[in-house]
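Take a look at this one; I'll ask things after.
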Amino acid sequence: MATGGRLAVTCSAAVLLAVALLISAPDAAEAYDSLDPNGNITIKWDVMQWTPDGYVAVVTMYNYQQFRHIGPPGWQLGWTWAKKEVIWSMVGAQATEQGDCSKFKGNIPHSCKKDPVIVDLLPSTPYDMQIANCCKAGVISTISQDPANAASSFQLSVGLSGSTTKTVKVPKNFTLRTPGPGYTCGRAIVGKPTIFFSADGRRATKALMTWNVTCTYSQFLAQKTPSCCVSLSSFYNNTTVNCPTCSCGCQNPSGSNCVNKGSPRLRSAIDGPGKWSGEPLVECTSHMCPVKINWHVKQNSKDYWRVKITITNLNFRMNYSEWNLVVQHPNFDNITQLFGLNYKPLTPYGGDINDTAMFWGVKSYNDVLMQDGKLGMVQSELLLRKDSRTFTFEKGWAFPRRVYFNGDNCVMPAPENYPSLPMQA
């Protein structure tokens, strides 16, 4: 019963990973989101070495989603073994449970669970327990924001599985949680063995066996209620159209599902039962959303108009690191200048339609949206050039059509409530 040696992972440089992600992104996949029709997370399982009773494999999750990343507290990957396999050892990740290993004497496996759940290790993990692209506490960036960090890897030594391509059976029932639901994974499909290139590109090696699993996201599966909402305001109307009431749920009559700033029970609520599950603890509001986005039409001049965007974190339990905002508006092909934001145009419909933009924070400046009560707000402005053929302030044209925060569709006010132009004299 061998544990298998630790393997050096080729192609470990961040730059090579970014190139691999872009080149190998799937052409088409089942997806739930019209703004990211080919977005998915692909799990690639590469058998690198045979052992007396099994194999050593490197498992890599590639995030091919343009604007949906996996933030803290990170991913949880599960599956069901096809036979009676065990995990002898792991590098770069760990199983959450060892399971019943009582039949083993002396050399005890890392996990004997029939359906193991794997989690990433922390950045402070000793170097000899790491491989390339591991140990990020389960955080995976989007391919748009940070392609060099849009993957996560670990190595495992599998036993009692057979040691040939004919005897090894692929695992079943893959699950991906972040840590809540939302992702649906297909079956593992055996494909062509992966080819790896050395850092200098002068030597190629090939996996002994490779299978892939594709997981797609549905906001409807992820949560019963939305997670963000949008309010609207303008320089030409004193009325602010707030998020619709109960956008993300309603307060309980007792108010036990939210907490006010300064409340004596705030600290105990923050450290309560939902602390490690990622369950939000929201400030008591009429809309009850963890995140609120305000779109303010700020200024109008002869050739340009200006928009101020404010993102407010009303979740006492969450710092939103590497947050992003996706907005649809017909004037986005005329974005002239941004203040304190990164920007990438998205073209989900192909052709010359450029009405969807992705925005995210500047590294080490405003890329983390802090918890409520800790300066939990990010503000920025857009300057847009007017197109005389289409520009108007009438009928809500200046306001966005759709807004996403961290990949989730936000609740918009009803169109009839949008700020209106003052009556003409």
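I'd like the full set of residues that are in contact with a strand residue (DSSP E or B) (Cβ under 6 Å, 6 or more places away or on another chain), part of a helix (DSSP H, G or I) and surrounded by fewer than 16 Cβ atoms within 10 Å (Cβ to Cβ), limited to the stretch 194-221.
none
Whether any residue in the stretch 261-278 is of a type in the set (S, T, Y), at pLDDT 90 or above and over 19 Å from the mean Cα position of the chain (by Cα) is what I want to check.
No, because not a single residue in the stretch 261-278 is of a type in the set (S, T, Y), at pLDDT 90 or above and over 19 Å from the mean Cα position of the chain (by Cα).
List the strands (runs of 3 or more DSSP E) that sit entirely inside the stretch 290-351 and contain at least 3 residues that are open to solvent by less than 30 Å² (accessible area, probe 1.4 Å).
Values: elements: 291-300, 304-313, 324-328, 335-339, 342-346.
Where strands (runs of 3 or more DSSP E) fall fully within the stretch 290-351 and carry at least 3 residues being open to solvent by less than 30 Å² (accessible area, probe 1.4 Å), they are 291-300, 304-313, 324-328.
When you check K224 against the structure, is it open to solvent by 50 Å² or more (accessible area, probe 1.4 Å), within 20 Å of M61 (Cα to Cα) and among the charged types (D, E, K, R), yes or no?
No: the conditions fail for K224.
Go through the stretch 260-289 and report how many residues are open to solvent by 50 Å² or more (accessible area, probe 1.4 Å) and either touching a strand residue (DSSP E or B) at 6+ places or on another chain (Cβ under 6 Å) or polar (S, T, N, Q) (or both).
Total satisfying the criteria: 5.
Across the stretch 234-253, what is the number of residues that are closer than 14 Å to W295 by Cβ and either buried (at least 16 other Cβ atoms within 10 Å of the Cβ) or not assigned by the TED database to the domain that holds N294 (or both)?
Qualifying residue count for the region: 5.
Considering only the stretch 141-183, state which residues are over 17 Å from A57 (Cβ atoms), out of contact with any strand residue (DSSP E or B) (no Cβ under 6 Å at 6 or more places or on another chain) and open to solvent by 30 Å² or more (accessible area, probe 1.4 Å).
D146, P147, N149, P181
Filter the stretch 378-425 down to residues that are under 27 Å from Q223 (Cα atoms) and surrounded by 16 or more Cβ atoms within 10 Å (Cβ to Cβ), then give me how many there are.
Of the residues in the stretch 378-425, 15 are under 27 Å from Q223 (Cα atoms) and surrounded by 16 or more Cβ atoms within 10 Å (Cβ to Cβ).
Does the stretch 185-203 hold any residues that are within 24 Å of Y217 (Cβ to Cβ) and either in contact with a helix residue (DSSP H, G or I) (Cβ under 9 Å, 6 or more places away or on another chain) or among the basic types (K, R) (or both), and which are they?
The one that is within 24 Å of Y217 (Cβ to Cβ) and either in contact with a helix residue (DSSP H, G or I) (Cβ under 9 Å, 6 or more places away or on another chain) or among the basic types (K, R) (or both): R187.
Would you mind telling me which numbered condition in (1) polar (S, T, N, Q); (2) within 27 Å of the chain's Cα centre (by Cα); (3) open to solvent by less than 40 Å² (accessible area, probe 1.4 Å) N257 fails?
(3)
Does G159 meet the test of being out of contact with any His (no Cβ under 8 Å at 6 or more places or on another chain) and either over 26 Å from H69 (Cα atoms) or free of Cβ contacts under 8 Å to residues at least 60 places away in the same chain (or both)?
Yes; evaluated as a whole, the condition is true for this residue.
Test each condition in (1) surrounded by 13 or more Cβ atoms within 10 Å (Cβ to Cβ); (2) outside any loop (DSSP other than H, G, I, E, B); (3) free of Cβ contacts under 8 Å to residues at least 60 places away in the same chain for S231 and report the one that comes out false.
(3)
Spot the failing condition for V403; the list is (1) of a type in the set (A, V, I, L, M); (2) modelled with pLDDT of 95 or more; (3) farther than 22 Å from R306 by Cα, and only one is missed.
(3)
The values are calculated or read from the model by the stated rules, or taken from the named source; none is laboratory data. Note that the structure is a prediction, hence the values are computed from the model and not measured. Using ideal geometry, Cβ is built from the backbone for each residue, glycine included, and neighbour counts are taken over all protein chains shown. With ligands, DNA and RNA removed, areas are computed over all heavy atoms of the protein, side chains included. Shrake-Rupley method; radii C 1.70, N 1.55, O 1.52, S 1.80 Å.
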